[in-house]
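Student: Take a look at this one; I'll ask things after.
Just so it is clear, none of the values below were taken in a lab; they were calculated from the coordinates. Just so we're clear, the structure is a prediction, and the values are computed from it rather than from any experiment. Ideal geometry is used to build each Cβ from the backbone, glycine not excepted, and the neighbour counts take in all protein chains shown.
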Amino acid sequence: GKQIKLKEVEGTLLQPATVDNWSQIQSFEAKPDDLLICTYPKAGTTWIQEIVDMIEQNGDVEKCQRAIIQHRHPFIEWARPPQPSETGFHHVAQAGLKLLSSSNPPASISQSAKIIDLLPPSFWENNCKFLYVARNAKDCMVSYYHFQRMNHMLPDPGTWEEYFETFIDGKVVWGSWFDHVKGWWEMKDRHQILFLFYEDIKRDPKHEIRKVMQFMGKNVDETVLDKIVQETSFEKMKENPMTNRSTVSKSIMDQSISSFMRKGTVGDWKNHFTVAQNERFDEIYRKKMEGTAINFCMEL
Ligand code: A3P
């Protein structure tokens, strides 16, 4: 297996490079009209990044081909400088920060204090917009498992049975899915947070993309909206070298093990979970998500 040693911040496992740059990341200076895309890993980060860029570029495919998605929407956790918006309209600062939340779920007041502690404070101070995408836990787990198999910067996931426990225990990079999703869900009405679901975007992309457009304060034509729907489909993004990570070296991501654009479906968990695992997971889920009125679609 790979010898990747993760590090911890406030009980949450992170990649060593993130922890090593922690003070720089924390001192990131957000501007009031910055938009931060926030996701738990494998929830559809790349998808929403491409959607946001397509809206910004008013559906101009060539402009969206100007660079790979990781450069158009740099991850704040990699401490790369922000990309100024070419249109000058909306400054998409940094994308893809996976919010940290406490590993022991406290009351919502202290939890929000904790969240504010761990995100670069300037995002809160400037009342920035947050675009959060949530994906159901089971599909996230499956996607993350395959991602850890092919990504040499992440620990080997072990067998599926082993990974099942690792994921439930939140012993993965960016911590527990439960804490992450719950934390943002509880914050959503207190800040400018657009809370989206992967499954909704899959079911009715135009409707969800329109919401994103409105949240960004942009207005694109119906025909452009239709084009964005087409261009951000799984099939298109899988073929697109600017989104499919094909430019990433094989020593970092080995796509012969598993594609970055793997399946892009809702319900692939059914091909991985045994009946016993599914029952156990549902019970754990009920306990961990108790008191949260969040509802995930598990199949389309
Ligand atoms: P699967 O592994 O289930 O296929 P992230 O970008 O957060 O790392 O998430 C990656 C997951 O989103 C992968 O899930 C990937 O296939 C899926 N994905 C990426 N682009 C997509 C799209 N346009 N439509 C649907 N799913 C997409």
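Student: Once you've got the Cα coordinates, tell me which of K63/K129; K5/K129; K42/K288; K238/K287 are over 27 Å apart. Don't skip to the answer; put the middle values down first.
Tutor: Numbers: K63/K129 24 Å; K5/K129 33 Å; K42/K288 20 Å; K238/K287 37 Å.
Among K63/K129; K5/K129; K42/K288; K238/K287, the Cα-Cα distance tops 27 Å for K5/K129; K238/K287.
Student: Lysines within cross-link reach of K7: Cα-Cα under 17 Å, excluding same-chain residues under 8 positions apart?
Tutor: Hits, sequence-local ones excluded: K98, K171.
Student: Could you give the length gained on full extension between E8 and N21, defined as 0.36 nm per residue of separation minus the Cα-Cα distance, in nm? Write out the running numbers ahead of the final one.
Tutor: Numbers: separation 13, 0.36 × 13 = 4.68 nm, distance 1.27 nm.
Full extension of this stretch gives 3.4 nm more.
Student: Within the stretch 1-50, list the trypsin sites (Lys or Arg not before Pro) lying in a DSSP loop whose Cβ has at most 16 other Cβ atoms in a 10 Å radius.
Tutor: Values: sites: K2, K5, K7, K42; in loops: K2, K5, K42.
Answer in residue order: K2, K5.
Student: Now a separate question. Give me the Kirkwood hydrodynamic radius of the chain, using the inverse of the mean 1/r over all pairs of distinct Cα atoms, in Å to one decimal. The partial results should precede the final answer.
Tutor: Numbers: mean 1/r = 0.0510 Å⁻¹.
Its Kirkwood hydrodynamic radius stands at 19.6 Å.
Student: Per DSSP helix of 4 or more residues, -39500 (n - 2.57); summed, then divided by the residues of the chain. What does that give at 222 nm, rounded to the nearest 500? Let's see the in-between values first.
Tutor: Working: 15 runs with 127 residues, N = 300.
Per the formula, -11500 deg cm²/dmol.
Student: Between E235 and E279, with labels modelled 7 Å along Cα→Cβ, what's the label distance in nm to one decimal, could you check?
Tutor: 4.0
Student: Per-residue counts of other Cβ atoms within 10 Å, averaged by peptide: what ranking do you get for 202-211, 30-39, 158-167, highest first? Please report the intermediate quantities before stating the final value.
Tutor: Working: 202-211: 16.5, 30-39: 20.8, 158-167: 15.0.
Top of the packing list down: 30-39, 202-211, 158-167.
Student: Something else about it: Relative to the present Cα-Cα distance, how much length would full extension add between K206 and D156 at 0.36 nm per residue of separation? The partial results should precede the final answer.
Tutor: Values: separation 50, 0.36 × 50 = 18.00 nm, distance 3.70 nm.
Using 0.36 nm per residue and subtracting the Cα-Cα distance, I get 14.3 nm.
Student: Would you work out the relative contact order for the chain, in percent, from Cα pairs under 8 angstrom that are 6 or more residues apart? Numbers along the way, then the final one.
Tutor: Values: 432 pairs, mean separation 71.4, N = 300.
In percent, rounded to a whole number, it is 24.
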